[in-house]
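Since the structure comes first, as structure tokens, the remarks are kept for the end.
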Amino acid sequence: MRITHTADRSTWPELWQAVYRILEQTIVPSQVTTWVQPLEMAENREENGELVIILKAPGPMWIDWLTDDHNNYRAKIADAFTQVTGKRCEIQF
């Protein structure tokens with residue numbers, strides 16, 4: 001049995017929507033749907049000229065997958081935020 005998560009993207013903050021559109025172009029679509037779409041942008045703040053983004057994941061399995069060195073999705077997400085904002089970004093879960 002396959003479970004899919006469908007989020008109402010219209011309720012997402014504009015920044016997260018812009019980042020998601022970039023990720024759709026850089027990560028395999030099924031991986032974006034499974035691992036990125038369920039994330040929620042909980043907070044963003046600037047610290048020492050760097051943007052800190054806090055993403056809320058549905059559970060520890062997502063965090064493990066997103067931070068795994070092989071997948072390196074954390075870096076891809078940070079790169080997408082940097083493309084949108086023009087600032088270096090740190091991603092926290």
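The values are calculated or read from the model by the stated rules, or taken from the named source; none is laboratory data. Given the structure is predicted, the values throughout are model-derived calculations rather than measurements. As a convention, Cβ positions derive from the backbone with ideal geometry for all residues, glycine included, and neighbour counts pool all protein chains shown. SASA here: full protein model, heavy atoms, side chains in, ligands and nucleic acids out. Shrake-Rupley method; radii C 1.70, N 1.55, O 1.52, S 1.80 Å.
Which of the residues belonging to region 66-83 are modelled with pLDDT of 90 or more and open to solvent by 60 Å² or more (accessible area, probe 1.4 Å)? Of everything in region 66-83, those that are modelled with pLDDT of 90 or more and open to solvent by 60 Å² or more (accessible area, probe 1.4 Å) turn out to be Arg74, Lys76, Asp79, Gln83.
For region 1-27, the tally of residues that are at pLDDT below 90 and either within 19 Å of Asp79 (Cβ to Cβ) or not β-branched (Val, Ile, Thr) (or both) stands at 10. One residue alone among Gln37, Gln92 is of a type in the set (S, T, N, Q) and touching a helix residue (DSSP H, G or I) at 6+ places or on another chain (Cβ under 8 Å), and that residue is Gln37.
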